[in-house]
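For reference, the structure discussed in these notes is given below.
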Amino acid sequence: MPIQDQVSPLRRVYVRPPVADDAGSWDRYGWHAAPDPSAAAEEHEALRGILEAAGAEVLTGVTRVAGDPDAIYAYDPVLMTDAGAIYLRPGKEGRRAEPDALATDLTAAGVPEAGRLSEPATAEGGDMFWLDASTLLVGRGYRTNDAGIAALRALLSPTGAEVVAFDLPYLNGPDECLHLMSFISPLDRDLAVVYLPLMPVRMVELLRARGVGFVEVPEQEFATMGPNVLALAPRVALALEGNPETRRRMEAAGVEVRTYAGSEISRKGDGGPTCLTKPLVRG
């Protein structure tokens, strides 16, 4: 089950549809506005259709996390490895029930468990991605702490995978979510879309040393999730509608860009296509 890879063709992906009853908690979870349940359901159905059209088997989660609108952001509660799922412990307290819900769904779908994080460790999937099959990049911020990074190293070291950690910038502080993947998404093994002003210097140096080129997101499209892009295959990207300059720059770099409407499921909750999906199999 190869998955220590962010860019190979997407073969199987897990998603969690929005639940109308959870929309009432939007303000407690830091959403910008209340999502319209009907419109959100339509947007998510269309997103699943795009993923299927790209050749992926779409596994739709059914285990509820009552009162948690963030539960649609399936990327955060779990790290996928070739050995199976490592269930994380979100730094956002309201999301702490999500790993168990995902474990129920993924176990039923035949995904083995490769480990779990426990207190005091915290880690969220948005703070990590596979640079290659043996290198996991992790952001240390308000959602992923030192104990979480140490736990990931302990779980992955027997496999030979290296965890490389970077401090994340403060930006607007702990009340707003800044994940590592808020400012970088891989597009191919040698290309990533980035918001360069927020990137740790050591990360920039590492990526350039590995021959990774950058498609730079302009300042005006950072807040609208310009850097949040899902690779459906090498140089085939799924992006949130809008951000025309970022799209133009990706296309100029040879990337085919497909878009989805996400005014309800993405813009109101600050979760783009990477957040809404958990790839399970690539290759």
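The values are calculated or read from the model by the stated rules, or taken from the named source; none is laboratory data. The shown structure was predicted, so the numbers you read here are calculated from the model rather than taken from an experiment. Note that each Cβ is placed from the backbone with ideal geometry, even for glycine, and that neighbours are counted across all protein chains shown.
Which condition number in (1) under 23 Å from Gly94 (Cα atoms); (2) crowded, with 18+ Cβ neighbours inside 10 Å; (3) not aromatic (Phe, Trp, Tyr) is the one that Leu155 fails?
The number of the failed condition is (1).
Residues Glu251, Glu241, Glu245, Glu216: which one is at pLDDT 95 or above and under 26 Å from Ala34 (Cα atoms)? Step through it out loud before you land on a result.
Values: Glu251 fails: under 26 Å from Ala34 (Cα atoms); Glu245 fails: under 26 Å from Ala34 (Cα atoms); Glu216 fails: under 26 Å from Ala34 (Cα atoms).
One residue alone meets the criteria, Glu241.
Mind telling me which of the residues Ala161, Ala209 ends up being hydrophobic (A, V, I, L, M, F, W, C), more than 26 Å from Asp270 (Cα to Cα), more than 16 Å from the chain's Cα centre (by Cα) and crowded, with 20+ Cβ neighbours inside 10 Å?
Numbers: Ala209 fails: crowded, with 20+ Cβ neighbours inside 10 Å.
Being hydrophobic (A, V, I, L, M, F, W, C), more than 26 Å from Asp270 (Cα to Cα), more than 16 Å from the chain's Cα centre (by Cα) and crowded, with 20+ Cβ neighbours inside 10 Å holds for just one of Ala161, Ala209, which is Ala161.
Based on what the data block shows, is Ala41 assigned to a helix (DSSP H, G or I) and not acidic (Asp, Glu)?
Details: assigned to a helix (DSSP H, G or I): yes; not acidic (Asp, Glu): yes.
Answer is yes for this residue.
Given the range 164-283, what strands (runs of 3 or more DSSP E) lie entirely inside it while holding 2 or more residues that are among the small types (Gly, Ala, Ser) and without any contact (Cβ under 8 Å) to a residue 60 or more places away in the chain?
By residue number, 236-240.
When residues of the range 15-44 are filtered for being of a type in the set (D, E, K, R) and farther than 23 Å from Asp105 by Cα, how many remain?
First, the residues of the range 15-44 that are of a type in the set (D, E, K, R): 16, 21-22, 27-28, 36, 42-43.
So of that shortlist, the ones also farther than 23 Å from Asp105 by Cα come out as 27-28, 36.
Matching residues across the range 15-44 total 3.
So, in the range 45-70, of the ones that are in contact with a strand residue (DSSP E or B) (Cβ under 6 Å, 6 or more places away or on another chain) and part of a loop (DSSP other than H, G, I, E, B), which residue ends up surrounded by the most Cβ atoms within 10 Å (Cβ to Cβ)?
Filtering first and then ranking leaves Ala56.
Go over the candidates Arg116, Arg202, Arg189 one by one and state the one that is modelled with pLDDT of 95 or more and touching an Asp or Glu at 6+ places or on another chain (Cβ under 8 Å).
Working: Arg116 fails: touching an Asp or Glu at 6+ places or on another chain (Cβ under 8 Å); Arg202 fails: touching an Asp or Glu at 6+ places or on another chain (Cβ under 8 Å).
It is Arg189.
Could you grab me the full set of residues in the range 249-280 that are of a type in the set (Ser, Thr, Tyr) and in contact with a Lys or Arg (Cβ under 8 Å, 6 or more places away or on another chain)?
So the first thing to find is which residues in the range 249-280 are of a type in the set (Ser, Thr, Tyr), and the list is 259-260, 263, 266, 274, 277.
Correct list: Thr259 only.
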